[in-house]
Amino acid sequence: MTGLLRLAPAAHRVATSATLEINERVLALRAEGRDVIHLGFGEASFPLPPALRDALAKSATATAYGPVLGILPLRQAIADYLVRERALSATADRIAVGPGSKPLLYALVQLLDGDVLVPAPSWVSYAPQVKLAGRHVIPVPTDERDHHRVTPAALQGAADRAIASGANPRILIINSPSNPTGGMFAEGDVAAMAEWARGRGVTIVSDEIYAELAHGIVPHVSAARFYPEGTIVTAGLSKSFSAGGWRLGYAALPSGEGGARLLSALRALASEIWSSAAMPIQEAATSAFLPNAEMSSYVTRCARLHGHTAGRLFEAMVRLGIDCPRPAGGFYVYPDFAPFRAKLAHRGVRTSLELARYLLETHQIATLPGVAFGDEPEALRLRLAVSGLYDPSENVRWDLLARTDSFTAPDPARAPSLPLPELDRAAEALANVVSSL
Ligand code: PLP
């Protein structure tokens, strides 16, 4: 064997995810003419606010490379936005802009010292990123019956076990609202996590990419409110402005010496990898963060519509006898088919991966298995995304968004029912699954 194209050890630390397998299978089934209900697709898919579209048309000629950490008007607008909307004490000189929050999260894990506490379940990319950076993933167990809360006791237990096995827990990644559970941390829980982290010198990376999409049941509270000196907040345009393909994310770092050192390391790393986020996108994105009635009405409508659809799917699930925590933000529902474990076992289904395959092959319902999010393989939990359940027509989507103006109850699932035929079809297909077992 020659040394040609031999892979480095880091390349063996990540495997192609189960999410890709399911997605490819959906495409293949659709190509065969099968009518798949796609609950596996987690992408904010509402039309772009017209002001952003117009701003991008104007900035098309910004062809020069930009400053590594982002253009100042955008960094300033983001800092002011975080002060205004999240009551944080952010300043422009601690904001780093990058091509999405995902590479910023990876860069932060690369640059911060130590191993990483990651709640189980949590977003698919945290664990692979930690492994790619050559660190240990330290899972923090959560309990579905307790809405997947992250408690100081669970954190301490995970940290103790990790230290006993030679690891060095120094970073905690949290995500509220959560992908995959749709859950949100209550203020008291955020305060308790922050206190735990401060007491042990653990840095919190708070992934707040879904913060604006809180459904209005639980207020979003950032860990940076309680632990500003040790919390880094990441977010971006992908979810609240339905613009994942724009690839615009940011990280807000703590003030003081430590924040300055980390920012300078981040600038160095970014300068060697992505140089800067795309300039036309940065210029256009600035208007998303400036005080603007059109933008805030757009984001409120999106949050309500995501909340309405997720809430209705949750209620359908509960009616069918499927265990499910009530979603409070984002566009995901995380049901547990445990009540049907014995019946599913008769069909050879004993793990979440087998369940996801079974639903796809037998009932044409695409979902993602909980195991892809670091959940126990035998837990029969699935992540269902409701963002693919809207009519493809832009006009229909605008109309649905506008109709959320009539919502008065804080819980959008309780609002007058909007016409969502694909959601009804999904609920009916799930009812067929249950009755066929
Ligand atoms: N964090 C979570 C929890 C996500 O679900 C996603 C996108 O799926 C991201 C981060 C990445 O967002 P971005 O588009 O800013 O890279």
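The values are calculated or read from the model by the stated rules, or taken from the named source; none is laboratory data. All of these numbers come straight from a predicted model, not from anything done at the bench. Methodologically, a virtual Cβ is constructed for each residue, glycine included, from the backbone with ideal geometry; neighbour enumeration extends over all protein chains shown. Side chains are part of the model used for accessible areas, which takes the heavy atoms of the whole protein and leaves out ligands, DNA and RNA. Shrake-Rupley method; radii C 1.70, N 1.55, O 1.52, S 1.80 Å.
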Quick one: length gained pulling residue 35 to residue 20 fully straight, 0.36 nm per residue minus the C-alpha distance?
3.5 nm
For segment 336-372 versus segment 191-213, the gap between their alpha-carbon centres in whole angstrom:
33 Å
For the chain, what is the percent of antiparallel DSSP beta bridges, rounded to the nearest 5?
45 percent
Just how far, in whole angstrom, is segment 248-297 from segment 9-59 if you go by their alpha carbon centroids?
24 Å
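Mean residue ellipticity at 222 nm from the helices of the chain, using -39,500 (n - 2.57) per DSSP H segment of n ≥ 4 over the full residue count, to the nearest 500 deg cm²/dmol?
-13500 deg cm²/dmol
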Under the definition of Cα pairs under 8 Å and six or more residues apart, what whole-number percent is the relative contact order of segment 282-359?
19 percent
Identify which of 406, 240, 122 has the largest mean-square fluctuation in a Gaussian network model of the chain, with springs joining Cα atoms closer than 10 Å.
406
Within straight cross-link reach of residue 58, meaning Cα distance under 28 Å, which lysines are found once same-chain residues fewer than 8 apart are removed?
102, 239
How many Å² of accessible area per residue for the chain, probe 1.4 Å?
42 Å²
Who wins for biggest fluctuation among 60, 427, 167 in a Gaussian network model of the chain, springs between alpha carbons below 10 Å?
60
Can you say what percent of the DSSP beta bridges in segment 50-291, counting only those with both residues inside, are antiparallel? Round to 5.
30 percent
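How large, in percent, is the carbon and sulfur part of the accessible surface of the chain at a probe radius of 1.4 Å?
55 percent
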Can you tell me which of 61, 151, 367 moves the most in a GNM of the chain? Springs connect C-alpha atoms under 10 Å apart.
61
For a test of the definition: using alpha carbon positions, the gyration tensor, and the 1.5 limit on a/c, classify segment 99-253 as rounded, prolate or oblate.
oblate
Here, chymotrypsin sites (Phe, Trp or Tyr not before Pro) of segment 72-169 satisfying both criteria (DSSP loop; at most 15 other Cβ within 10 Å) are none
Note on the chain: contact order normalised by length, alpha-carbon pairs under 8 Å, 6 or more apart, percent, works out to 23 percent
